[in-house]
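Structure first, commentary second.
Values quoted throughout were computed directly from the atomic coordinates according to the rules given, and no laboratory measurement underlies them. All of these numbers come straight from a predicted model, not from anything done at the bench. Heads up, the Cβs are rebuilt from the backbone with ideal geometry, glycines too, and the neighbour counts pull from every protein chain shown.
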Amino acid sequence: MGWFKKKRPEKIEYENIGVKESLIEMKGLSEQIIDLSYSAILFDSADIAGQVDELEERLDELLYNIRIGLMLAARNREDAEQLTGILQVATATERIGDASQELMQIFEEGVEFRPFAPFFLKDGDEKIWAIRVAEESDIINRQISELGIESETGSRIIAIKRGPKWLYDIEPDKRIKGSDVLIARGVEDGLKELVAYAKGEVKWGKYKR
Amino acid sequence: MGEVQEVTDPMKQVMEIFLEMKDTSELMVDLAYSSLLYNNLEIASEVEHLNGQVDEMSSKLQRIAISDVSQRSPDATIMLLKLCTYINSIADAAMSISNVVLRDIEPHPIIKQSIKESDVGIYRIEVRGKSILAGKKLGDLRLATETGMWLFAIKRNVRWIYGPEEGDAIEKGDIIFIRGPEDGMKKLRSVAKGKVRTLQ
């Protein structure tokens, strides 16, 4: 991700991955980038804001791929009409990226948002919490997919802070470590459950799934 | 979605409008993808309708932010206006996605496939009469906590309930629209069919 800088959009290289794969990646990224944008403000993290920039660059690349793929695919007017719909969806997801990047400028403008951010962002149907994993928790050293955290607690892990490092690429096989801070999105009930497991107050157990 | 109540404290008032806007924009995105996935005009026009609500809330919020909040804190005002713009952009993106359906052309199969193959999927499930879900309130079921699935719309005969609340109940024959991971959907599907008698 982000292996070349976006300064000149015309320099983006065409990557021969399919339109469908690009669209799937864009959809995922546009959801992730919203969560991260709110998290960056909520937890006052310039690092998360930096990740928003990276994802935005990736969205640009993918949109470029899709444009080329679609142009190559149209054989006639009917094709073009149907393919335009794909372009419209892709462009919309990319716009979410642009808007996110714009929101992150709040970090560079010296706006004192810190005292108000939790007040405005801590609530909602779904919330974003930072949850520390205690050494005595039995979710340690287990894979996110093996635990099935999302289907068990309804909480989706969007980032992990491990020591000074932030991890954003939360693949299903990623293992949770002691003293990780999980940035999770979900409903309050489910987040509370995850907190109890993370503190080690409740044991996840072996055969939960 | 609840009504935004009149509160005297401007900070509290903007907070409530803001949260309503944020939740609505998220609902719009879910509905926009659903409208494409099921090539459904009704859902697409609901996205349009919700966009109107977001616009209204947005002007109301901006007005209060500038007239009342700015005296207390210009920084809070700037943050609010930026968040407001952000949510508007998300709502616009949702509109643009669902607009594809409003053209008289069947959406390209790739669009449907890409929504289906995403790791956060969108699904619809029919609730059978023998399911434990039938007749229960959403607040009591805690679907999101138990299955990881977020229920964002219900189709009951010809009627739609968009963004249902805790007090709304599921009835037999309802089609529920849910968002979440595939394993959570499978779990919920067995419960909706009545095959599995518990959400645990």
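Considering only A:Ile158, A:Ile68, A:Ile128, the Gaussian network model of chain A with Cα springs below 10 Å gives its largest mean-square fluctuation to A:Ile68. For GluC sites (Glu not before Pro), the sites in region A:18-111 that DSSP calls loop and that have at most 13 other Cβ atoms within 10 Å are A:Glu108, A:Glu109.
With +1 on the Cβ of every Lys and Arg and -1 on the Cβ of every Asp and Glu, and nothing else charged, how large is the dipole of the protein assembly as shown about its Cα centre, in debye rounded to the nearest 20? Intermediate values should be presented prior to the final figure.
On the way: 57 positive and 71 negative charges, 316 e Å.
Magnitude of the dipole: close to 1520 debye.
The residues packed around B:Ile176, meaning those with a beta-carbon under 13 Å from its beta-carbon, carry a net charge of +4 if Lys and Arg are +1 and Asp and Glu are -1. By the Cα gyration tensor, region A:95-168 has an equivalent ellipsoid whose semi-axes, rounded to whole angstrom, run 29, 15, 14 from largest to smallest.
I need the Kirkwood Rh of region B:10-109: take the reciprocal of the average 1/r across all distinct C-alpha pairs and report it in angstrom. Walk me through the intermediate numbers first.
Numbers: mean 1/r = 0.0707 Å⁻¹.
Across region B:10-109, the inverse of the average 1/r is 14.1 Å.
Treating each Cα of chain B as one equal point scatterer and applying the Debye formula with no solvent, the log10 of I(q)/I(0) at q = 0.09, 0.12, 0.13, 0.15 Å⁻¹ comes out as -0.40, -0.68, -0.78, -0.96. Annotation: amide H-H contacts under 5 Å for A:Val202 (H modelled 1.01 Å from N, sequence separation of 5 or more, or interchain): A:Tyr197.
Semi-axes of the equivalent ellipsoid of the protein assembly as shown are 29, 28, 25 Å, computed as sqrt(5λ) over the eigenvalues of the C-alpha gyration tensor in descending order. Each residue of region B:169-181 was assigned a 3J(HN,Hα) from its phi angle through the Karplus expression (A = 6.51, B = -1.76, C = 1.60, θ = phi - 60°), giving 9, 8, 10, 5, x, 5, 9, 9, 9, 10, 10, x, x Hz with x at Gly and Pro. Mean per-residue shielding of peptide B:117-124 is 3, counting Cβ atoms of other chains within 10 Å of each Cβ.
In this simple spin-label model, placing a label point 7 Å from the Cα along the Cα-to-Cβ direction at both B:Lys60 and A:Glu171 gives a separation of 4.7 nm. In percent, rounded to a whole number, the relative contact order of region B:1-105 is 38, using alpha-carbon pairs under 8 Å and six or more apart. Seen from every direction in turn and averaged, the convex hull around the alpha carbons of region A:123-199 projects onto 4.6 nm². Counting 0.36 nm for each residue step from A:Arg142 to A:Glu109 and taking away their Cα separation leaves a gain of 7.8 nm. Using the Cβ-Cβ distance between A:Glu54 and B:Lys172 with R0 set to 51 Å, the FRET efficiency works out to roughly 0.60. Structure note, pairs A:Lys203/B:Lys186; B:Lys112/B:Lys155; A:Lys20/B:Lys187; A:Lys161/B:Lys82; A:Lys203/B:Lys112; A:Lys177/B:Lys187: Cα-Cα distances above 30 angstrom occur for A:Lys203/B:Lys112. Rounded to the nearest 20, the size of the Cβ-charge dipole of region B:10-109 about its Cα centre is 500 debye, with Lys and Arg at +1 and Asp and Glu at -1. Any idea what the relative contact order of chain A is, in percent, if you count C-alpha pairs under 8 Å spaced at least 6 apart? Rounded, it is 20 percent for chain A. One compactness figure for region A:9-107 is 1.18, namely its Cα radius of gyration divided by 2.2 N^0.38 Å.
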